[in-house]
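The block underneath contains the structure these notes are about, expressed in structure tokens.
Just so it is clear, none of the values below were taken in a lab; they were calculated from the coordinates. Everything quoted here is computed from the prediction, not taken from an experiment. When we count neighbours, we look across all protein chains shown, and the Cβ atoms used for this are built from the backbone with ideal geometry, even at glycine.
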Amino acid sequence: MASALEEKEAIREVLAEYCFRLDDGRFAEMAGLFTENGTWDTAFGRATGRAIIAELARSLRERAGDQRPRGIHLVTNIAITLDGASARVRSNWTVVQNSAEGPKIGSGGAYLDELVKEGGQWLFRYRKIDRFIAP
């Protein structure tokens, strides 16, 4: 049986992997971090189910087109509350992007997550994205 510290570290890995997959445009793999009926609740739409989550992410990136400079998501202030095979996580996020003037903050906000452990792996059941820093 994993310790609370080990469970929290595994959850942090999911949060980081989400950012890598999203930033790299690997939307189906990003959606694979959600349960089959998980929900991705964003400022630009809400999707439930892996295929629909991947399609929403893909459409958001396509809508931004070439005007969206390369950016990376950074996650900080991660607070995890474990409850057996489920967890609630609060964290902050920032997107750092290239610009003609150099690196800049593209947007930022907070995540409110509900994760569950299925088959030994932590997955998002629900991810709410609040975006309160925007251009």
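Data table
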| quantity | calculated |
| --- | --- |
| Other-chain or far-sequence residues with amide H under 5 Å of residue 38's (modelled H) | 49, 50 |
| Cα long-axis angle, helix 50-64 against the chain (0 to 90 degrees, to the nearest 10) | 20 degrees |
| Vicinal HN-Hα couplings computed from phi for segment 30-44 (Karplus, 6.51 cos²θ - 1.76 cosθ + 1.60; Hz; Gly/Pro x) | 4, 5, x, 7, 9, 5, 3, 10, x, 10, 10, 10, 10, 5, 10 |
| Dipole magnitude (debye, nearest 20) for the chain, charges at Cβ of Lys, Arg, Asp, Glu | 380 debye |
| Two-site FRET efficiency, residue 61 against residue 3, from Cβ-Cβ distance with R₀ of 41 Å, rounded to 0.05 | 0.60 |
| Cα-projected label distance for residue 48 with residue 72, points at 7 Å along beta-carbon direction, nm | 3.6 nm |
| Coil-residue GluC sites (Glu not before Pro) of segment 97-135, DSSP, other Cβ within 10 Å capped at 12 | 101 |
| Inter-label distance, nm, simple model (7 Å from Cα along the C-beta direction), residue 132/residue 94 | 1.6 nm |
| Computed over the chain: relative contact order in percent, which uses C-alpha pairs under 8 Å that are six or more apart | 23 percent |
| Calculated from backbone phi, Karplus (6.51, -1.76, 1.60) coupling profile of segment 70-81 in Hz, x at Gly/Pro | 4, x, 10, 8, 10, 10, 9, 6, 7, 10, 10, 10 |
| Answer label, with Rg/Rh (Cα atoms, Kirkwood Rh) calculated from the coordinates and candidates (1) 0.97; (2) 1.09; (3) 1.00 | (1) |
| Charge-dipole axis of segment 14-95 as Lys and Arg at +1 and Asp and Glu at -1 on Cβ define it, positive-most pick from 89, 39, 75 | 75 |
